Number of protein chains: 2
Amino acid sequence: MGARRLQGMRFDVQVETSPRAGIADPEGSTIERSLPALGFEGIEGVRVGKSFRFTVEASDDAAARTLVEDVCARFLTNPVIEDSAVTVSASATV
Amino acid sequence: MGARRLQGMRFDVQVETSPRAGIADPEGSTIERSLPALGFEGIEGVRVGKSFRFTVEASDDAAARTLVEDVCARFLTNPVIEDSAVTVSASATV
């Protein structure tokens, strides 16, 4: 929003969180239990996490990734119970 | 779970949902407003969705994708307000 320019390049970011192995996932378990009643067979291991998408302005790919990992650790995820995967790609709309 | 075999191959699936363009995303807006107070600048367009991961047993890639898209439309997503992206890949652990 606006014409403020911080550093130059804009990157598209996706952060995907998922419950760590061994952490209970009641939402996933409930989905898995419900599927056979709807006629869906053969689906196992349902885990539910979040997907955050946003754009970030940074000088280069490495700086963007460092910033995003900092945001994840401090704000978006709970590293005690969640794994997170960060994907950074140059934005098509600069 | 168990030794039941339905059709043969097992596929790893990810379903990512996100609010459709134009649909309000209060969680994303709240995150975006909070970031400057934490010292993070240059982050825009925050949208929050869900990420479902599971495995599915099917005869081939196309059958797996058809099944997953059916599960999405009937159960996992609300197509009125959410977009969904399905990723299907052959599972390493058969």
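Nothing in this text is a laboratory measurement; each read-out follows from the coordinates by a stated rule. A quick note: this is a predicted structure, and the numbers were derived from the prediction, not measured. Please note: Cβ atoms are built from the backbone with ideal geometry, for glycine as well, and neighbour counts cover all protein chains shown.
A few comments on the model shown:
- Cβ neighbours within 10 Å from other chains - mean over B:71-80: 2
- The C-alpha radius of gyration of chain A, expressed as a fraction of 2.2 N^0.38 Å, stands at 1.42.
- Principal-axis tilt of helix A:61-71 within chain A, Cα atoms, nearest 10 degrees: 60 degrees
- Its Cα centre serving as origin, the protein assembly as shown has a Cβ charge dipole (Lys and Arg +1, Asp and Glu -1) of approximately 160 debye.
- Partner chain coverage, peptide A:28-40 - average Cβ within 10 angstrom: 2
- Within the shell defined by Cβ-Cβ distances under 13 Å, the residues around B:T77 carry a net charge of -2, with Lys and Arg each +1 and Asp and Glu each -1.
- Packing, taken as the mean count of other beta carbons within 10 Å per residue, orders the peptides A:27-39, B:64-76 from highest to lowest as B:64-76, A:27-39.
- Peptide B:52-60, shielding by other chains (average Cβ, 10 Å cutoff): 5
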